[in-house]
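K.L.:
Please read through the structure below; I'll follow up with questions.
The values are calculated or read from the model by the stated rules, or taken from the named source; none is laboratory data. The structure displayed is predicted, hence computed values, not measured ones. Reconstructed Cβ throughout: ideal geometry from the backbone, glycine too, with neighbour counts over all protein chains shown.
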Amino acid sequence: MTMFEQHPFLLNNWKEAGFDQLSPVQEQAMPRILNGEDLLVEAPTGTGKTLAYLLPVIQELQSDITHTQAIILAPTRELAMQVFGVAQKFLEGSGMSAASMIGGAAIKRQVEKLKKHPKLIVGTPNRVAELIDMKKLKMHEVKTIVCDEADQVLHPSTMDDVSFICQSAKRDCQLLFFSATLSEKVTQQAKKLSENASHLTIKASKEEKEAVAHSYYVTNRREKPELLRKLSKKDGVKALAFVNNSKFLLRLKEILATKKISFDVLDSSTNKTERKNVLNKFRKGEIQLLITTDLGARGLDIENITHVFHYDLPEDSRTYVHRSGRTGRMGNEGHVVTLLLPGEEKYLEKITNKLGLEVTRKNESQKKKVKRK
């Protein structure tokens, strides 16, 4: 943290948060961000990407400039609020403030927040673009824009808003894109916004890979709910389970309601209040198992998840990475378990071979390892 020695408040907040050393993505990305580079950063989930961009962004904020100087875009309200919370924590003692600008919240209240001249904005693309269009959010002093979870922020449904936001800023505005996976399509979208963006790819270390155990069971469709219940009910388990189809969530909820397990489901259509209540119960440990879809899980960053269950086989390696990254964060131990139907083993093997992972088959009578080629 020597690069932040001239900012005592950052060092104090770093120590208060209990950190003692930089993660690889922080160590490699921070100097380049401070050097003013546009970056496309790809690093595994749970390796400290948020602070990798947030700390240098905060360092470059100037208290004597009235208007907003940096904007962080997140794909969901939940993720935006999580990042906003971290930003507030690391701005303590600086005399500067941040503000959240998210869709679904009262826009009049957000306009009032802007009158207090926050130096940093964290928000969703649609709401930030709306406030710019209303001429309530001034962009002439914005020198850095971050796209967190870039693979989602640069989705076709929000790309117009992101382009508008970037074009509204200074011509030499620094653009940063962070994600656990950066497909060729997402990279091309980013290049439309910044032709000069450099790539920075951080691979999971051997120790980080070994901290997460990958395994699978083969079962039939009828027995899957009971297997999920049995595995989730073990002592100390705090599990997140993924299904591919939101239409199946209600049916699975009905099945598990007849069994002895504390659980709930999180659907993308769940309203804000219900979603908040379910997540609070899960965070507090009042329920052991939370079942959701990839869409429903967007923006979730919950500590101490011990297990991720792929109730349904992920469609591709990218989805496997994003789901699995919810456990074993920052080098902690975790377990990723896939529940397969007969005939699906070769598809899982294809995914794990591509990712260089070793996965263990488990059942009542045997264990068999499928090693990466």
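K.L.:
Taking Asp148 as the residue in question, decide whether it is within 30 Å of Phe309 (Cβ to Cβ), buried (at least 19 other Cβ atoms within 10 Å of the Cβ) and assigned by TED's automatic domain parsing to the domain that holds Thr124.
P.N.:
The answer is yes for Asp148.
K.L.:
Contact list please: Cβ distance under 7 Å, first residue in the range 27-45 and outside any loop (DSSP other than H, G, I, E, B), second residue modelled with pLDDT of 95 or more and basic (Lys, Arg), pairs at least six apart or on different chains.
P.N.:
Leu39/Arg32
K.L.:
Among the listed residues Val237, Val265, Val278, Val243, which satisfies the condition of being surrounded by 14 or more Cβ atoms within 10 Å (Cβ to Cβ) and farther than 19 Å from Leu339 by Cβ? Spell out how you get there, then give the answer.
P.N.:
Values: Val237 fails: farther than 19 Å from Leu339 by Cβ; Val265 fails: farther than 19 Å from Leu339 by Cβ; Val243 fails: farther than 19 Å from Leu339 by Cβ.
Unique residue meeting the criteria: Val278.
K.L.:
Please state which one of Lys346, Lys368, Lys350 is under 13 Å from Ser215 (Cα atoms), over 21 Å from the mean Cα position of the chain (by Cα) and either loosely packed, with under 15 Cβ neighbours inside 10 Å or at pLDDT 85 or above (or both). Talk me through it step by step, then tell me what you get.
P.N.:
Working: Lys346 fails: under 13 Å from Ser215 (Cα atoms); Lys350 fails: under 13 Å from Ser215 (Cα atoms).
Residue meeting the stated conditions: Lys368.
K.L.:
Let me ask something additional. Hey, any hits in the range 320-327 for a residue that's without any contact (Cβ under 8 Å) to a residue 60 or more places away in the chain and either crowded, with 21+ Cβ neighbours inside 10 Å or at negative phi (or both)? Please lay out each step first, then the result.
P.N.:
Step one: of the range 320-327, the residues without any contact (Cβ under 8 Å) to a residue 60 or more places away in the chain are 320.
Going one step further and asking which of them are either crowded, with 21+ Cβ neighbours inside 10 Å or at negative phi (or both), we end up with 320.
The answer is yes; a qualifying residue exists.
K.L.:
Specify which of the listed residues (Leu252, Leu279, Leu240) is part of a helix (DSSP H, G or I) and either closer than 20 Å to Asp312 by Cα or of a type in the set (Gly, Ala, Ser) (or both). Show your work before the answer.
P.N.:
Working: Leu279 fails: either closer than 20 Å to Asp312 by Cα or of a type in the set (Gly, Ala, Ser) (or both); Leu240 fails: part of a helix (DSSP H, G or I).
Answer to the selection: Leu252.
K.L.:
Something else now. Of everything in the range 70-116, what is in contact with a Ser or Thr (Cβ under 9 Å, 6 or more places away or on another chain), in a loop (DSSP other than H, G, I, E, B) and in contact (Cβ under 8 Å) with a residue 40 or more places away in the chain? Give them in sequence order.
P.N.:
Scanning the range 70-116 gives Ala74, Pro75, Thr76, Ser94, Gly104.
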